[in-house]
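Trainee: This is the structure, below, for whatever I ask next.
The values are calculated or read from the model by the stated rules, or taken from the named source; none is laboratory data. All values derive from a computational prediction rather than experimental measurement. Don't worry about glycine lacking a Cβ; one is built from the backbone with ideal geometry, like all the others, and counts go over all protein chains shown. Each accessible area value is taken on the protein alone, full model and side chains, heavy atoms only, with ligands, DNA and RNA left out. Shrake-Rupley method; radii C 1.70, N 1.55, O 1.52, S 1.80 Å.
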Amino acid sequence: MAGAEGSSVSMSTDQMEPAGKTPEQDPSTVHPPIADPGPEPYVDRYSDTDPEVGRRVYRQVVAMYGLAPVLAVAFVVCYFAIPRDAAVSFGPLHTSAMHLALGATAGLAILLIGLASIHWAKQIMEDREISEERHPVASSDEDRQAIAAAWKAGAKDSRLGRRKVIGLALGSALGALALPAVVSFADLGPKPTASMRAKTIERTIWAEGVRLVNDITYTPIKASEMEIGQLVNAEPENLAEMEGVHQQIERAKAAIIIVRMDPDSIKIPDSRRDWQVGGILSYSKICTHVGCPISLWEQQTHHLLCPCHQSTFDLGDSGVVVFGPAARSLPQLPITVDQQGYLVARSDFTVPVGPSYFERDSRHDFKKGDN
């Protein structure tokens, strides 16, 4: 026992330390953290120490703000003065002269406002460095009051009280940028005046004597060749004379369907007796709901179904709506035959084709019960 006790006493202090402990884990060996040096020494700006530099910076800021309205007016002038087909070349690169001018004037105006604001903030506004401790995200009432006070102090530090022209220049620069935006609205499309609507969306290329032709082969359609129950997708023959975008626009408006029904099984109003040929009738192919093309034909019921929202039109009763969200009857194209027996239009549609729009007058659309 004595030997054991002596052995325990003779153990070194290193042997008594927990295994794996390193000097770096000993708090006594860790160096104290580096002291916070705080903000760097403040250096006065030249615009604060030299009055002439301050005045020069002031003039620069006002000048940049002042140029922005001038460029905004130049944008408007370029929009109306430069021909839309004018182009400029930079070697192998070609671009629209109008687009280049509009981009340069509007872009430079925005750039000058940004540069002037930065110059104002860096050279004229109050210049001091501050630091604060992190705080919880939620703001207390005291913090809100402090923010309001800081806002007022910031307004004072901006020195607008002494440099009032900067505020006026900034306001005019930002306000003038509305001019290019307002003028650009003109490119959204032609103004929807009554005369413009009458020349565009309220008319098609159908006219007296224009033949009805197959929409794929452009083959004229003879009345004698149509069978009862048959439906044909058709277009006006003069569509083939057009090209490009103009042709596609007119195709979308003038598309029709031709159906033949037993005259004894359909209702033909007295006002439309001469709009058909032996039970052959022609209607617009464009649904009056949202403009989908229609060709789902039910021979037995004489119903034409729109596949988009299931609006259903009774072609045996002047195209009136019998089901679905469409609010107007399908426009009917007056037709007859020429000397060779081919189907031809008597006139254009008597009402605008396609979906409704705000300015559209629906008083002349066919309604159930009309004669």
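Trainee: If each of residue 191 and residue 53 carries a label point 7 Å out from its Cα toward its Cβ, how far apart are those two points in nm?
Mentor: 5.5
Trainee: Taking 0.36 nm per intervening residue step and subtracting the Cα-Cα distance, what contour gain separates residue 216 from residue 249 on full extension?
Mentor: 10.2 nm
Trainee: A further question on this structure: Going by a ≥ b ≥ c, the root eigenvalues of the Cα gyration tensor, does the chain fall in the rounded group (a/c under 1.5), the prolate group (a/b larger than b/c) or the oblate group? List each step's numbers first, then the result.
Mentor: Working: a/c = 3.69, a/b = 1.98, b/c = 1.86.
Cα axes put the chain in the prolate bin.
Trainee: Separate question: Going by a ≥ b ≥ c, the root eigenvalues of the Cα gyration tensor, does the stretch 290-371 fall in the rounded group (a/c under 1.5), the prolate group (a/b larger than b/c) or the oblate group? Working shown, then result.
Mentor: On the way: a/c = 1.75, a/b = 1.27, b/c = 1.39.
Judged from the Cα gyration tensor, the stretch 290-371 comes out oblate (a/c at least 1.5, b/c at or above a/b).
Trainee: Treating cross-link reach as a plain straight distance, find the lysines whose alpha-carbon is under 29 Å from the alpha-carbon of residue 122, omitting any fewer than eight places away in the same chain.
Mentor: Correct list for residue 122: 152, 156, 164.
Trainee: So what is the relative contact order of the chain, in percent, for Cα pairs below 8 Å that sit 6 or more residues apart?
Mentor: Details: 518 pairs, mean separation 46.1, N = 371.
Once divided by the residue count of the chain, the mean separation gives 12 percent.
Trainee: What is the distance, in nm, between label points placed 7 Å from the Cα along the Cα-to-Cβ direction at residue 111 and at residue 271?
Mentor: Label at residue 111, label at residue 271, 6.3 nm between them.
Trainee: From zero outward in steps of 10 Å, how is the percent of C-alpha pairs of the stretch 100-209 spread across the bins?
Mentor: 10, 23, 19, 19, 12, 9, 6, 2, 0
Trainee: For the chain, which whole percent of the accessible surface, found with a 1.4 angstrom probe, sits on carbon and sulfur atoms?
Mentor: Details: 13930 of 23390 Å².
About 60 percent, which is the carbon plus sulfur part of the accessible surface.
Trainee: Sticking with this structure for a sec: Could you state the angle between the C-alpha long axis of helix 51-81 and the longest principal axis of the C-alpha atoms of the chain, as a value from 0 to 90 degrees rounded to the nearest 10?
Mentor: Once rounded, one gets 10 degrees.
Trainee: Run lengths n ≥ 4 of DSSP H only: what is the helix-derived mean residue ellipticity at 222 nm for the chain, with -39500 (n - 2.57) per run over all residues, to the nearest 500? Each step should come with its number before you reach the end.
Mentor: Working: 10 runs with 128 residues, N = 371.
Estimated from H runs of four or more residues: -11000 deg cm²/dmol.
Trainee: What angle, in degrees between 0 and 90 and rounded to the nearest 10, separates the Cα long axis of helix 97-123 from the longest principal axis of the Cα atoms of the chain?
Mentor: 20
Trainee: Relative to a virtual label point 7 Å from the Cα of residue 224 in the Cα→beta-carbon direction, which members of the stretch 328-343 show backbone nitrogen distances below 14 Å?
Mentor: Output list for this probe position: 337-343.
Trainee: Please give every one of the aspartates and glutamates within straight-line cross-link reach of residue 222, meaning a C-alpha to C-alpha distance under 13 Å, and leave out same-chain neighbours fewer than 8 residues apart.
Mentor: 338
Trainee: At 7 Å along Cα-to-Cβ for each site, give me the label-to-label distance between residue 143 and residue 241 in nm.
Mentor: 7.6
Trainee: While we're looking at this one, here's another question. Please list, or write none, the lysines whose alpha carbon is within less than 17 Å of the alpha carbon of residue 267, excluding same-chain residues fewer than 8 places away.
Mentor: Leaving aside lysines fewer than 8 places away in the same chain, those within reach of residue 267 are 367, 368.
Trainee: Right, next: Given a Förster distance of 51 angstrom, what is the FRET efficiency for residue 183 paired with residue 264, based on the Cβ-Cβ distance and rounded to 0.05? Kindly include the intermediate steps, with their values, before the conclusion.
Mentor: Details: r = 61 Å, r/R0 = 1.20.
Using R0 = 51 Å, I get an efficiency of 0.25.
Trainee: Scan the stretch 164-260 for GluC sites (Glu not before Pro) in coil per DSSP, keeping those whose Cβ has at most 14 other Cβ atoms within 10 Å, and list them by number.
Mentor: On the way: sites: 202, 208, 225, 227, 237, 241, 243, 250; in loops: 202, 208, 227, 243.
Of the GluC sites (Glu not before Pro), the ones in loops of the stretch 164-260 whose Cβ has at most 14 other Cβ atoms within 10 Å are 208, 227, 243.
Trainee: While we're on this one: At 0.36 nm per residue, and after removing the present C-alpha to C-alpha distance, how many nm does the segment from residue 299 to residue 97 gain when stretched out fully? Could you put the intermediate results ahead of the total?
Mentor: Working: separation 202, 0.36 × 202 = 72.72 nm, distance 5.72 nm.
67.0 nm is the gain from fully extending residue 299 to residue 97.
Trainee: Per residue, how much accessible surface does the chain expose to a 1.4 Å probe? Answer in Å², no decimals.
Mentor: Dividing the accessible area of the chain by its residue count gives 63 Å².
Trainee: Using only Cα atoms and rounding to the nearest 10 degrees, what angle (0 to 90) does helix 141-157 make with the longest principal axis of the chain?
Mentor: Taking the Cα atoms of the chain, the angle to 141-157 is about 90 degrees.
Trainee: Of 146, 207, 101, which is the most mobile in a GNM of the chain whose springs link Cα atoms less than 10 angstrom apart?
Mentor: Its mean-square fluctuation being the largest, the pick is 146.
Trainee: In square angstrom, rounded to the nearest 10, how much accessible surface does residue 108 have for a 1.4 Å probe?
Mentor: Using a 1.4 Å probe on the heavy atoms, I get roughly 80 Å².
Trainee: What full-extension length gain, to one decimal in nm, is calculated for residue 132 and residue 350 as 0.36 nm per residue of separation minus the Cα-Cα distance?
Mentor: Values: separation 218, 0.36 × 218 = 78.48 nm, distance 7.57 nm.
Full extension of this stretch gives 70.9 nm more.
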